[in-house]
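Take a look at the structure set out below.
The values are calculated or read from the model by the stated rules, or taken from the named source; none is laboratory data. What you see is a predicted model; the values in this text were computed from it and never measured. Counting neighbours? That spans all protein chains shown, and the Cβs are built from the backbone with ideal geometry, glycine included.
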Amino acid sequence: MTVFRIARSTPLSAEEAWRRLTDWPAHADRVPLTRISVLTPGPTGVGTVFVARSALGPAGFDDPMEVVRWQPPAPGVPGHCRLEKRGRAVTGWAEIHVRDEDGVTRVRWEEDLRFGRLPRLLDPLTARGGQLVFGRAVDRLLRT
């Protein structure tokens, strides 16, 4: 299993952290060799579809995703977004949790990242790589 988790705290409000973490095109500026195209009109909500294209020259793959749960944070209510990966090369899911806790915003990113052709023996390496790449992306998105 390739589930990995990233946990961060930020002085940003829960609403601002949510806005930054769910600005899909902004992720492309933080994930190397990736661009993101949102295929459905905004605003983001259940049913939003976007594609992360990771490539080096002509070699690459698409990672299409759909928002299947969308609950922005509100006073006393944590935010929760779930993405389902709908591609051939990359499958799995990702969840973003944002909550205010005693004046600090807590962020948790959980993801099950699977590359279709990789043997399961490499799952721990895939999870560690995902944790490093997405951990850096989350840090940059939340940077004040």
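Odds and ends about this structure:
- For the range 102-135, the candidate set comprises residues that are of a type in the set (Asp, Glu) and within 21 Å of Val31 (Cα to Cα); within that set, the residue that is surrounded by the most Cβ atoms within 10 Å (Cβ to Cβ) is Glu111.
- Against the numbered list (1) surrounded by fewer than 17 Cβ atoms within 10 Å (Cβ to Cβ); (2) of a type in the set (Gly, Ala, Ser); (3) modelled with pLDDT of 95 or more; (4) within 28 Å of Leu122 (Cβ to Cβ), Ala94 comes up short only at (1).
- Tallying residues that are out of contact with any Ser or Thr (no Cβ under 9 Å at 6 or more places or on another chain), of a type outside the set (Val, Ile, Thr) and part of a strand (DSSP E or B) within the range 85-125 yields 8.
- With respect to the conditions (1) surrounded by fewer than 17 Cβ atoms within 10 Å (Cβ to Cβ); (2) more than 13 Å from the chain's Cα centre (by Cα), Ser54 lacks only one, and its number is (1).
- Answer from Val51, Val46 - the residue that is of a type in the set (A, V, I, L, M), in a strand (DSSP E or B) and farther than 21 Å from Thr144 by Cβ: Val51
- The range 22-49 residues that are farther than 11 Å from Met65 by Cβ, paired with ones that are exposed (fewer than 11 other Cβ atoms within 10 Å of the Cβ) (beta carbon under 6 Å, 6 or more apart): Leu33/Leu56
- The residue that is surrounded by the most Cβ atoms within 10 Å (Cβ to Cβ), among those in the range 78-91 that are modelled with pLDDT under 95 and out of contact with any Pro (no Cβ under 8 Å at 6 or more places or on another chain), is Val90.
- The number of residues in the range 54-84 being under 30 Å from Gly103 (Cβ atoms) and either of a type in the set (Phe, Trp, Tyr) or part of a strand (DSSP E or B) (or both) comes to 11.
- Test result for Pro64, surrounded by fewer than 18 Cβ atoms within 10 Å (Cβ to Cβ) and either touching a helix residue (DSSP H, G or I) at 6+ places or on another chain (Cβ under 7 Å) or not hydrophobic (A, V, I, L, M, F, W, C) (or both): no
- Scanning the range 10-36 for residues that are modelled with pLDDT under 95 and surrounded by fewer than 15 Cβ atoms within 10 Å (Cβ to Cβ) turns up Pro25, Asp29, Pro32, Leu33.
- Residue list for the range 21-76, filter: among the basic types (Lys, Arg) and touching a strand residue (DSSP E or B) at 6+ places or on another chain (Cβ under 9 Å): Arg35, Arg53, Arg69
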